[in-house]
1. Tell me, please, whether a residue that is at pLDDT 80 or above and outside any helix (DSSP H, G or I) can be found in the range 60-68.
2. Which ones in the range 10-54 are touching a residue at least 24 places away in the same chain (Cβ under 8 Å), exposed (fewer than 15 other Cβ atoms within 10 Å of the Cβ) and under 17 Å from the mean Cα position of the chain (by Cα)?
Amino acid sequence: MSMFYLVLISASGFLMAILALSLQHKHLLSVLLSLEAATMNLFIMMFVLSNNISFSGQTSLILITLGACEASLGLAILVAIIRSQGNDYVYSVSLQKC
């Protein structure tokens with residue numbers, strides 16, 4: 001029964017991360033944090049479900065690896081944008097200014 005509650009909490013956390021992504025997309029750092037929260041909640045959900053259904057945990061390890069790569073790439077892009085433009089506003093990032 002506790003597995004059900006853990007899946008329910010991670011699903012609600014994923015929905016809250018998507019809601020935060022859709023409502024607060026002014027700064028690039030808040031977008032990256034929302035994406036990271038969604039990835040972590042998906043990791044928890046997949047890990048719980050893979051243990052419950054007796055799948056191997058390889059898919060959840062692949063997801064956490066991709067989440068770490070996404071976070072490092074996002075932070076590298078954030079640092080590059082702040083160094084070149086001085087702020088991290090999403091609207092200031094466009095292909096026409098490059």
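The values are calculated or read from the model by the stated rules, or taken from the named source; none is laboratory data. The structure presented is a predicted model; accordingly, all values stated were derived computationally and were not measured. So basically every Cβ, Gly included, is an ideal-geometry build from the backbone, and we count neighbours across all protein chains shown.
1. Within the range 60-68, not a single residue is at pLDDT 80 or above and outside any helix (DSSP H, G or I).
2. Ala11, His25, Lys26, His27, Leu29
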